[in-house]
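The values are calculated or read from the model by the stated rules, or taken from the named source; none is laboratory data. On a predicted model such as this, the values are computed, not experimentally measured, just so you know. Because the Cβ atoms are built from the backbone with ideal geometry, glycine has one as well, and the counts that use them run over all protein chains shown. All accessible areas refer to the heavy atoms of the entire protein, side chains included, with ligands and DNA or RNA removed. Shrake-Rupley method; radii C 1.70, N 1.55, O 1.52, S 1.80 Å.
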Amino acid sequence: MITIIFSFIIAILYFYLFLPVLNYGFFGLPIGIILIFSPIVITESAKRNILFYSSIAFLVLSIFYMSIYSFITTSPLFRAASYRSLIGKVEERQNFSEDVSPVSTEKIRIIDRAVAYRLGDKVLGTRASLGSQTILGNFNIQKVGDQLYWVAPLLHSGFFKWNKNRIGTPGYVMVSAINERDVKLVQKVNGKPIRIKFQENAYFTDNLERHIYIHGYLSRGLTDFTFEIDDTGKPYWVITLFKKKVGFGGEDASGVLLVDTATGSIQEYSIENAPKWVDRIQPEEFIVNQLNDWGEYIHGYWNFSNEGKLTTTTGISLVYGDDNQSYWYTGLTSVGSDEGTVGFILVNTRNKMTKWFRQVGATETAAMTSAMGKVQEKRYQASFPITYNINGVPTYVMSLKDKAGLIKMVSMVSVLDYSIVGVGDNLNECLRSYKNALNSAGNALAPNSKIQRFSITSEIMRISKDISNGNTLYYILLKDFQNKLFVGSSSISPELPISRKGDVVKLTYDEGGNVVVDIATFDNMNIILQKTDAQQEIEKFFYIKKKK
């Protein structure tokens, strides 16, 4: 009886402290059986009664289940095809600009997680009472309305702080992913105070995972505990439900839970019916593993020559598409390749719809090196790049930071050719520099791009120049387009510096949402430049030679 009571206590402690998943494909139940029946085997070994032999049987079955059976049902040696199909259908796409829309500079994010932490700590430090009682949780990027924010909850800083403040921590921090001056501590929504009672830093039944576990989710896989807010600012915990699809492996998202941070109420949704404001259902780790399995087992398990094998590049980022959906972005490279990619992948973070753009390009690491090399004398460090559609060209955008972690410059690097680089002290300067580099390369990078280029002709109403960081820029206001300000440099056209009010000009520019528009080409109709006869003869000679 003492042995049984002891085993019963072990079982209670095991289930309460470790929260094992009681379902096929998880090791929680067999480990529990071993912990519970081992003391019985030891204490009853001398008696050799039915309790002893029953316990031996349970132990043998558990060990067999965890070793031989799990190996046969899970090993890629037998299940390579199952692992490769986990990602689902991979649709090959040709045109990046059809899936990721061009973006204005007001929508490009340059604040990474490290900078968000620094800014969040700073605003938390201004509240002495909060700074001593709470810490910042993990920052996650999400779209709130039509703006991108890094959002992190305030969490208990220890057991005694939790015990003193059992009603929960009072709020969360929002850091704009675009503007480092937009940082705020949110403690009320619609006049009601925010409380984060259930959290991972809480104890006993206030602990978030334990709270979910004892409220009907003993047999469900739980992962990716993410703090998100809805469009009104109300906070929730978003937790992914998952199943094991290949024996004891092959984790795959099956649904999502929303947990009210104050009341602990739990709402379960299928992937299809989850609220639209939920950005992430597919965990980053699952997607990376599934993509790597898809590339690894392209010719089955027995492929030791690595023929056709693909793997993801280092790092993965979250981008937003033209459909206002979020996607995991990563490059694909051949096994053994260092800096080159054979394409890149977009995976919908909700429904896992996967698109593969089979275009040779540079890895994120190579792009970071190229950006830092552009200003190598300053010894700045590049943040992990985010991919955007700039002029129809997939482009890495990253911030360049000094040793203190402060953003000093912004860089853009073409995914397809990392020698095409633009840098600037701010986004507008960087974009202008990058567009000049793109225009110099022509349309070879994105011949099928759907980017729209406008051509207009009008009279100059006002023109002025501005010198910034050694660069001279010319700002033009046109008579028939007074709602836009056009800007360009002499590298666009030598006619720009000598143009004046009243001249009729013809220029082109790319579509975008900005009111300040970069000029792509410029022609002053009042200035007629003519090539000399000698120059025309030279060009005619090389033209005929080229045709031959």
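Values as computed for the structure displayed
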read-out	value
Potential lengthening between Ser464 and Lys408 on full extension [0.36 nm per residue; Cα-Cα distance subtracted]	17.4 nm
Nearest-20 debye value, the chain charge dipole, Cβ charges on Lys, Arg, Asp, Glu	660 debye
Inverse mean reciprocal Cα-Cα distance (Kirkwood Rh) of segment 72-182, Å	17.8 Å
Packing-based ranking, highest mean first, of 491-498, 397-404 given that Cβ atoms within 10 Å are counted	397-404, 491-498
Per residue solvent-accessible surface (Å²) - the chain, probe of 1.4 Å	50 Å²
Carbon plus sulfur fraction of accessible area for segment 349-442, probe 1.4 Å, in percent	50 percent
Equivalent ellipsoid semi-axes - Cα gyration tensor, segment 148-269, angstrom	27, 19, 13
R0 of 41 Å, Cβ-Cβ distance Thr223-Ile456: FRET efficiency to nearest 0.05	0.20
Charge dipole (segment 96-206, unit charges on Cβ, about Cα centre) - positive-most of Ser132, Ile111, Val100	Ser132
Rg to Rh, two decimals, where segment 227-352 supplies the alpha carbon set and Rh follows Kirkwood	1.05
Percentage relative contact order, segment 188-323, counting C-alpha pairs under 8 Å, at least six apart	16 percent
Spatially proximal lysines relative to Lys244 (Cα-Cα < 23 Å; intrachain offsets below 8 disregarded)	Lys89, Lys352
Projected label distance in nm at Asn303 and Ser265, using a 7 Å step from Cα toward the beta-carbon	4.9 nm
Leading residue at positive end of dipole, the chain (Cβ point charges), from Ala80, His211, Gln325	His211
Solvent accessible area, Å² - Thr74, 1.4 Å probe, full protein context	20 Å²
Inter-label distance, nm, simple model (7 Å from Cα along the C-beta direction), Ile4/Thr369	6.8 nm
Helix-only mean residue ellipticity at 222 nm for the chain, each DSSP H run of n ≥ 4 adding -39500 (n - 2.57), per residue, nearest 500	-8000 deg cm²/dmol
Potential lengthening between Ile12 and Leu485 on full extension [0.36 nm per residue; Cα-Cα distance subtracted]	163.2 nm
Modelled FRET efficiency - R0 25 Å, Arg118 with Asn324, Cβ distances, 0.05 increments	0.30
Packing rank of 432-438, 58-64, where each peptide gets the mean count of other beta carbons within 10 Å, highest leading	432-438, 58-64
Charge dipole of the chain about the Cα centre (unit charges at C-beta), most positive-ward option of Gly392, Ile420, Ala57	Ala57
Distance between segment 25-57 and segment 218-290 - C-alpha centres, whole angstrom	36 Å
Carbon and sulfur %, accessible surface of segment 143-246 computed with the full protein complex present, 1.4 Å	48 percent
Thr43, Thr134, reordered so the largest accessible area comes first (probe 1.4 Å)	Thr43, Thr134
Chain lengthening between Gln94 and His215 when straightened (0.36 nm per residue, less Cα-Cα)	38.8 nm
Simple label model, 7 Å out from Cα along Cβ direction - Gln187 to Ile31, nm	4.1 nm
Euclidean distance of C-alpha centroids, segment 103-138 and segment 176-195, integer Å	11 Å
Distribution of pairwise C-alpha distances over segment 71-121, 10 Å bins, in %	17, 19, 20, 25, 18, 1
Share of carbon and sulfur in the accessible heavy-atom surface of segment 1-98 [1.4 Å probe, %]	75 percent
